[in-house]
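Visitor: What follows is a structure written as structure tokens; I'll ask about it next.
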Amino acid sequence: MKNFLNVHDVEDIHALVDGALLCKQNPRADHELGKGKTLGLIFMNPSLRTRLSTQKAGRNLGMDVMVMNFSGEGWALETEEGVIMNGDKAEHIKEAAAVIGAYCDIIGLRSFPSLKDRKSDYTDHVINEFVRYAGVPIVNLESATVHPCQSLADVLTIEETKEAGKPKVVLTWVPHPRPLPQSVGNSFAEWINRAGYEFVIANPEGYDLSGDFTGNAAVVHEPEEAYAGADYIYAKNWSSYEQYGQVLSQDEKWMVDERKMNLTNNAKFMHCLPVRRNVVVSDAVIDSENSVVIREAANREFAAQAVLKQILSHG
Amino acid sequence: MKNFLNVHDVEDIHALVDGALLCKQNPRADHELGKGKTLGLIFMNPSLRTRLSTQKAGRNLGMDVMVMNFSGEGWALETEEGVIMNGDKAEHIKEAAAVIGAYCDIIGLRSFPSLKDRKSDYTDHVINEFVRYAGVPIVNLESATVHPCQSLADVLTIEETKEAGKPKVVLTWVPHPRPLPQSVGNSFAEWINRAGYEFVIANPEGYDLSGDFTGNAAVVHEPEEAYAGADYIYAKNWSSYEQYGQVLSQDEKWMVDERKMNLTNNAKFMHCLPVRRNVVVSDAVIDSENSVVIREAANREFAAQAVLKQILSHG
Amino acid sequence: MKNFLNVHDVEDIHALVDGALLCKQNPRADHELGKGKTLGLIFMNPSLRTRLSTQKAGRNLGMDVMVMNFSGEGWALETEEGVIMNGDKAEHIKEAAAVIGAYCDIIGLRSFPSLKDRKSDYTDHVINEFVRYAGVPIVNLESATVHPCQSLADVLTIEETKEAGKPKVVLTWVPHPRPLPQSVGNSFAEWINRAGYEFVIANPEGYDLSGDFTGNAAVVHEPEEAYAGADYIYAKNWSSYEQYGQVLSQDEKWMVDERKMNLTNNAKFMHCLPVRRNVVVSDAVIDSENSVVIREAANREFAAQAVLKQILSHG
């Protein structure tokens, strides 16, 4: 694996999940592998789980880790070609990526979408410019379109907890007061498609994700239909892809609650966090025994470690 | 010691001070103790001494250290139960604490009071929620009510420099332009009470600290009375506990100056820093040979190390 | 070398460049030298290259590195003597420097000028107060007047790439929309003077740097005159020293472009970065084979390492 940008960089996702499980059994087993190597974690946006879990994963492998927040510690980057840079952006991404690449053996990058311009966001320009100019492997810590470290942790969590060989997994849109990226939804869809589970996506009209990510997944526009018989309810809000970046609905009927959970096959509740209680999911559901959100977050460490290990091993 | 939240977590404060002195004599003696363990330092508020000294202490013990600032790098946390989280708080402290606990072996947490609602602040809710949900030992890096790492460094500094077996220690309120927490004052009071020194607290009317922390300490409302014969003058501003969070006085007569220091038994001057010169203390006093403020700050490293060492050893 | 504040702290700059080249050949050769030592990097202002390269350099030498941003993570420092600190500055630099010095074996400090008061800025008060009060060696990560880590990397880059024994080096002022410090220009001038190259400075009228830094360098006020026969074009904007901190010109004729580069002896293009494309330099020039800006930035790691190594060795 040269870069870890999205599911297409992974030859065999089940092998990668197995690698993550090995890391979980003995996190420091490969502590010599990364000795003398430096992991740079670059955040254009806030982060808790990704920040700490990836840092920990790098340290488990013996890597040095340098963390930088571009806003606050640095400055805004220009990403367009041929611009006369006389505005508020002090550096072009070409130079920034190349320079960071000079100091790091692997770079992890978080860069959210604008949610203003769909065409531009969906080129995933920022992370691709890092790939082009940094000269070292890039790990996607959530880009404009996908969040593959999260999705790997999600599949790992399902593999650890599933009872059926081919569980029914539901990705359900949920309400949220602010416009959020589609990245977690997109990414979850392409990973679950690859994992070979039964997969249904439920969201209101106007909230269909791009078919480039959802592929052949069933899409329904009423929650009850999807919940019936589900083994996993994976909740996530996203703003509209069709009416790009808009909040079209905050309809409370989409919140994950006990009534709808009772329609399922004793389903596990999943969410990538941070989660807004009693907006996205009721207290009763997230505090129930069927909630695996903390396990899912804890698995971020081993997902990141498996990715870094594969890059270090085959790089 | 499971957690280090306040003086009540310490069985024998003099034994802990002795432990800190051992750390100071040879800071890297226990460099193997923390190998493969991770210390997470979580700051809800700014910090200089606590940030650097605790980081250093962790590294002295061979720990990996991850530092995170919630404001700027993360987002605001909801701390109330049962709230519909549709405002500006993106995550509940329950999830945040549990997730950070998943990546860390010990968590240090700084979280200041609101100074708006005394009843709420004095439950020390934020740090107690971390204790409840993180699943790993918590070290208090200043909570709403106390700052025990500071107090341990203070007692260490007194033990290193005292001439009398039972010195007279004075905690004096001093002026400050902004409303500050009572935490350093509260904490100093409960540690000095435990240390067995002669102890007097001097503050203007309306500025009495809570008796839960001051216990049987003498409280006087004129500075001169307290300074007479003192071996240590420990200066600190706090906002009113009675008229909660208010600045009732900025009376300059309470500033520590040479005139009042001349009433003492050649007292040492102490302050936890940061300190406003010529508001809290005159240049002449803080620049004098009797000022031990830098030693006191330097001792923060060894205080934190003794605490971490005890948690690592007996955890 | 006790401190690394400016060129005058360096006995033999060519020996230091040779030291940096050795670090570059084998960055981890001296990994035992810094074991158990702590490097504190204190940023009063934003930074990318300096932040990451100095951190990496410290780690190459086996040092622990603690990074702190004063704005955001800390608070504003008072730097004047005898002030009644009842404004927005919570701590005096005397205490801050001494305390940081208590936790660190070497301190790197970045502190930009105000560009309001020339006399005050040119005392380089902030870094000199750290020298005075920290009690440990100080490395200048760009002060009000100079940026010696950058200049060392610049000379290293010239030594690596030069074809003539005594190249003609041109420092040219370039346009920029905002007022910038003179520090990089000042520093480059004093290092190139010491390096013994042919040296010409080109800038508009009103933009002459202080003679304290430029010494006997030729200063011309038209770009073409300087470019003729040059082996290196080093571009940098600075605000006026004479009309202190003012932006007197944004004349595009000073931008580095192909037309002027054609007047040179196939000159290399240099800039310290971050650089505004098509304001400071045209895309065609910075993207050409003659541009060495990324090499120059990469060399920051080895420049910093050579400095730290010398301080650790002879400290």
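Visitor: Restricting the search to the range A:187-208, which residues are under 15 Å from the mean Cα position of the chain (by Cα) and either closer than 15 Å to A:TYR241 by Cα or outside the structural domain of A:ASN262 (by TED's automatic domain parsing) (or both)?
Guide: A:SER187, A:ALA189 - these are the residues of the range A:187-208 that are under 15 Å from the mean Cα position of the chain (by Cα) and either closer than 15 Å to A:TYR241 by Cα or outside the structural domain of A:ASN262 (by TED's automatic domain parsing) (or both).
Visitor: Wholly within the range A:250-315, which helices (runs of 4 or more DSSP H) include no fewer than the required count, namely at least 3 residues that are surrounded by 19 or more Cβ atoms within 10 Å (Cβ to Cβ) and either at the interface with chain B (Cβ under 9 Å from one of its Cβ atoms) or small (Gly, Ala, Ser) (or both)? It would help to see each step written out before you state the result.
Guide: Numbers: elements: A:258-261, A:283-286, A:293-314.
Filter on the range A:250-315 gives A:293-314.
Visitor: Given the conditions (1) assigned by TED's automatic domain parsing to the domain that holds C:LYS309; (2) surrounded by 19 or more Cβ atoms within 10 Å (Cβ to Cβ); (3) farther than 30 Å from B:GLY62 by Cα; (4) not β-branched (Val, Ile, Thr), which single one is not true for C:ALA134?
Guide: (3)
Visitor: Then there is this: How do the helices (runs of 4 or more DSSP H) wholly within the range B:1-104 filter down when requiring 1 or more residues that are modelled with pLDDT under 95: which remain?
Guide: Of the helices (runs of 4 or more DSSP H) lying wholly inside the range B:1-104, those with at least 1 residues that are modelled with pLDDT under 95 span B:70-73.
Visitor: Give me the pairs, please: first residue somewhere in the range B:31-48 and not assigned by TED's automatic domain parsing to the domain that holds B:PRO113, second residue anywhere and outside any strand (DSSP E or B) and crowded, with 21+ Cβ neighbours inside 10 Å, beta-carbon distance under 7 Å, and either six or more positions apart or on two chains.
Guide: Sorted first by the residue in the range B:31-48, then by its partner, the list stays empty.
Visitor: Right, another one. Would you check if there is a residue in the range B:176-192 being away from chain A (no Cβ under 14 Å), among the basic types (Lys, Arg), surrounded by 20 or more Cβ atoms within 10 Å (Cβ to Cβ) and outside any helix (DSSP H, G or I)?
Guide: no
Visitor: Pairs, please: C-beta under 7 Å, at least 6 apart or cross-chain, first residue outside the structural domain of A:ASP117 (by TED's automatic domain parsing) and more than 15 Å from A:VAL200 (Cα to Cα) and in the range A:172-186, second of a type in the set (Lys, Arg) and surrounded by 21 or more Cβ atoms within 10 Å (Cβ to Cβ)?
Guide: Partner pairs satisfying both residue conditions: A:HIS176/A:ARG276; A:VAL184/A:LYS236.
Table: residues versus (1) surrounded by fewer than 16 Cβ atoms within 10 Å (Cβ to Cβ); (2) charged (D, E, K, R); (3) over 29 Å from A:TRP75 (Cα atoms); (4) at the interface with chain B (Cβ under 9 Å from one of its Cβ atoms).
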| residue | (1), (2), (3), (4) |
| --- | --- |
| C:LEU5 | no, no, no, no |
| C:GLU11 | yes, yes, yes, no |
| C:PHE43 | no, no, no, no |
| C:THR79 | no, no, no, no |
| C:GLY82 | yes, no, yes, yes |
| C:ILE93 | no, no, no, no |
| C:ASP105 | no, yes, yes, no |
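Visitor: Could you tell me which residue of the range A:198-219 is modelled with the lowest pLDDT, considering only residues that are surrounded by fewer than 16 Cβ atoms within 10 Å (Cβ to Cβ), over 19 Å from A:LEU5 (Cα atoms) and out of contact with any Leu (no Cβ under 9 Å at 6 or more places or on another chain)?
Guide: A:ASN216
Visitor: Also, I was wondering about something else. Mind listing just one residue for me: the one in the range A:107-120 that is of a type in the set (Lys, Arg) and not in a helix (DSSP H, G or I) and, of those, nearest to the other protein chains (Cβ to nearest Cβ)?
Guide: Among those that are of a type in the set (Lys, Arg) and not in a helix (DSSP H, G or I), it is A:ARG110.
Visitor: Checking A:ALA57 against (1) crowded, with 24+ Cβ neighbours inside 10 Å; (2) closer than 30 Å to C:ARG277 by Cβ: exactly one of these is not met. Which one?
Guide: (2)
Visitor: Taking A:GLU129 as meeting all but one of (1) over 18 Å from the mean Cα position of the chain (by Cα); (2) in a loop (DSSP other than H, G, I, E, B), write down the number of the exception.
Guide: It is condition (2) that A:GLU129 fails.
Visitor: Is one or more of the residues making up the range A:227-243 farther than 30 Å from A:ASP9 by Cα, crowded, with 19+ Cβ neighbours inside 10 Å and more than 12 Å from every other protein chain (Cβ to nearest Cβ)?
Guide: Yes, the range A:227-243 contains at least one residue that is farther than 30 Å from A:ASP9 by Cα, crowded, with 19+ Cβ neighbours inside 10 Å and more than 12 Å from every other protein chain (Cβ to nearest Cβ).
Visitor: Among the residues that make up the range A:205-213, is at least one of them of a type in the set (Asp, Glu), out of contact with any Ser or Thr (no Cβ under 7 Å at 6 or more places or on another chain) and in a strand (DSSP E or B)? Before you say what the answer is, go through the steps one by one.
Guide: From the range A:205-213, those of a type in the set (Asp, Glu) are A:205, A:208, A:212; that's our starting set.
With the extra rule that they be out of contact with any Ser or Thr (no Cβ under 7 Å at 6 or more places or on another chain), the set shrinks to A:205, A:208, A:212.
Those still in the list that are in a strand (DSSP E or B) too: none.
No, every residue in the range A:205-213 fails to be of a type in the set (Asp, Glu), out of contact with any Ser or Thr (no Cβ under 7 Å at 6 or more places or on another chain) and in a strand (DSSP E or B).
Visitor: Do we find that B:GLY72 is buried (at least 21 other Cβ atoms within 10 Å of the Cβ) and either of a type in the set (Asp, Glu) or touching a helix residue (DSSP H, G or I) at 6+ places or on another chain (Cβ under 7 Å) (or both) in this structure?
Guide: Numbers: buried (at least 21 other Cβ atoms within 10 Å of the Cβ): no; either of a type in the set (Asp, Glu) or touching a helix residue (DSSP H, G or I) at 6+ places or on another chain (Cβ under 7 Å) (or both): yes.
Considered against the rule, which asks whether it is buried (at least 21 other Cβ atoms within 10 Å of the Cβ) and either of a type in the set (Asp, Glu) or touching a helix residue (DSSP H, G or I) at 6+ places or on another chain (Cβ under 7 Å) (or both), B:GLY72 comes out as no.
Visitor: Among the residues of the range C:203-241, what is the count of those that are of a type in the set (A, V, I, L, M, F, W, C) and touching a Cys at 6+ places or on another chain (Cβ under 7 Å)? If you could, list the steps in order and put the result at the bottom.
Guide: To start, the set of residues in the range C:203-241 that are of a type in the set (A, V, I, L, M, F, W, C) comprises C:209, C:213, C:217-220, C:226, C:228, C:230, C:233, C:235, C:238.
Within this subset, residues satisfying the condition of being touching a Cys at 6+ places or on another chain (Cβ under 7 Å) are none.
Of the residues in the range C:203-241, 0 are of a type in the set (A, V, I, L, M, F, W, C) and touching a Cys at 6+ places or on another chain (Cβ under 7 Å).
The values are calculated or read from the model by the stated rules, or taken from the named source; none is laboratory data. Computed from a predicted model, the values in this text were never measured in an experiment. We place every Cβ from the backbone using ideal geometry, glycine too, and count neighbours over all the protein chains shown.
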